[in-house]
1. Output the residues belonging to the stretch 345-384 that are over 16 Å from K333 (Cα atoms) and small (G, A, S).
2. With respect to Q68, is the statement that it is in a loop (DSSP other than H, G, I, E, B) and more than 19 Å from the chain's Cα centre (by Cα) true?
3. What number of residues in the stretch 295-325 are out of contact with any strand residue (DSSP E or B) (no Cβ under 9 Å at 6 or more places or on another chain) and either surrounded by fewer than 18 Cβ atoms within 10 Å (Cβ to Cβ) or farther than 17 Å from V388 by Cα (or both)?
4. Pairs under 8 Å by beta carbon, first residue in the same structural domain as P348 (by TED's automatic domain parsing) in the stretch 167-181, partner of a type in the set (S, T, Y) and surrounded by fewer than 22 Cβ atoms within 10 Å (Cβ to Cβ), six or more apart or different chains?
5. Looking at the stretch 213-232, which of its residues are within 14 Å of the ligand (Cβ to nearest atom) and part of a loop (DSSP other than H, G, I, E, B)?
6. Would you please name the residue that is surrounded by the most Cβ atoms within 10 Å (Cβ to Cβ), looking only at residues in the stretch 97-108 that are closer than 11 Å to Q259 by Cβ and more than 8 Å from the ligand (Cβ to nearest atom)?
7. Among the residues of the stretch 401-408, is there at least one that is modelled with pLDDT of 95 or more, within 23 Å of S40 (Cα to Cα) and not in a helix (DSSP H, G or I)?
8. Given the criteria modelled with pLDDT of 95 or more and either within 23 Å of L241 (Cα to Cα) or within 11 Å of the ligand (Cβ to nearest atom) (or both), does P142 qualify?
Amino acid sequence: MKFVDEPLSASDPKVAALVRAEERRQADTIRLIPSENYVSRAVLEASGSVFTNKYSEGYAQKRYYEGQQNVDPLESLAQERACALFGAEHANVQPYSGSPANLAVYFAFLQPGAKVMGLALPMGGHLTHGWNVSITGKYFQPVQYGVRKDTGRIDMDEVRDLARRERPALVWAGGTAYSRFWDFAAFAEIAKEIGARFAVDMAHIAGLVAGQAHPSPILHADVVSTTTHKTLRGPRGGMLLCKQPYAAAIDKAVFPGLQGGPHDHNTAALAVALNEAAQPAFKEYAHQVVANAKVLAAELMARGFHVVSGGTDNHLILVDLTNKAVPGKVAAKALDKAGIELNYNSVPYDTRKPFDPSGIRLGTPSVSSRGMGEAEMKQIAAWIDRVVSKPDDDTAAKVLAEVLEVTRRFPAPGILLK
Ligand SMILES: *Cc1c(COP(=O)(O)O)cnc(C)c1O
């Protein structure tokens, strides 16, 4: 039984080399993709634990397999920590990721073909809020709101008019490229008026909510869905938080409605991350994420970049590069060569195609997790300006050399370079 006890480097050098290379890449680069982060050593360790070997279909004390002596207290601990951190009445920690968590909301509350309302994908929403290529747009009847062209912000009067006209059964708030606070109270009032359920998808902002750097949706929404791996800085996964009257429907929708066995190794890592998120240091991190994003946005605007909505309230920044005459993809690829990682993105009312859009999306969770502050944000804005102004290999190489000097000073959490 030689292979079972060999370390990865001996049993599979190819995969081991890719892991080492990815550690090096994540340590060396300025990572600005707003949905990404660095988890702690402890979260990595828990997600690589023997809980990956276990099956535990069902819920604590009601399982379909034996041997749950450790899984039951583990899952209960994760649920208790989630409820305490967010002030929720009930937590389901089993969704495999954000998209399955959202599907469970549909399954819990709606019949096929029901009308659902969400922020349109090209306006900064998510696929699973009724966009046409998603199962949620095909098996349900989507009504999509947008942002105003002049302000880049959601207009609650428009949302209310649309809701009154269309009368959806479910209303979503939440997005992937919206940098402003959401008026959760106004959404809740609109949903109540038309007798709809109100769901908030806080996938991007969950860590900011946990760290009290962003208003919480918990008291306003019937159900809150989230990923656990973005600003929350946990393992990959999803989670649903709801009021007690909806707990049974939500649990049934996740299992047996949509999923089989939960990923217990992820539950372990989530429990660790939720405990980390309850510490004072996490609150500091969450506030630094927002402070850093505000500085980065202001520095970019000072250099003539068009930041959609004129700034940010959270961790992310959406930039329309139309006035710079550089497509988002060209900018993103040149920046990647310079060691600055972000993604090209559609901007509201984009005249270019989604696979070759006008904008870039960037954010500050990862750089904040490494302890970077306002001085580094100013430097990053200057680098972005240099590369976007002259997106060639020579500029990228020069910026990369400077990037490496800075990233060396801010060790990446969870990564012990060998
Ligand atoms: C990331 C995200 C999701 C989907 O999460 P996955 O884990 O990628 O399935 C859903 N909704 C929003 C708002 C997101 O940002």
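1. Result: G363, S366, S368, S369, G371, G373, A375, A381, A382.
2. Details: in a loop (DSSP other than H, G, I, E, B): yes; more than 19 Å from the chain's Cα centre (by Cα): yes.
Yes: the conditions hold for Q68.
3. Qualifying residue count for the region: 7.
4. As it stands, the answer is none, since no pair meets every condition given.
5. Going residue by residue through the stretch 213-232, those that are within 14 Å of the ligand (Cβ to nearest atom) are 214, 217, 221, 223-232.
Scanning the stretch 213-232 gives H214, P217, A221, T228, H229, K230, T231, L232.
6. A104
7. no
8. Spelling it out, it is not the case that P142 is modelled with pLDDT of 95 or more and either within 23 Å of L241 (Cα to Cα) or within 11 Å of the ligand (Cβ to nearest atom) (or both).
The values are calculated or read from the model by the stated rules, or taken from the named source; none is laboratory data. These numbers were taken from a predicted model, which means no experiment stands behind them. We place every Cβ from the backbone using ideal geometry, glycine too, and count neighbours over all the protein chains shown.
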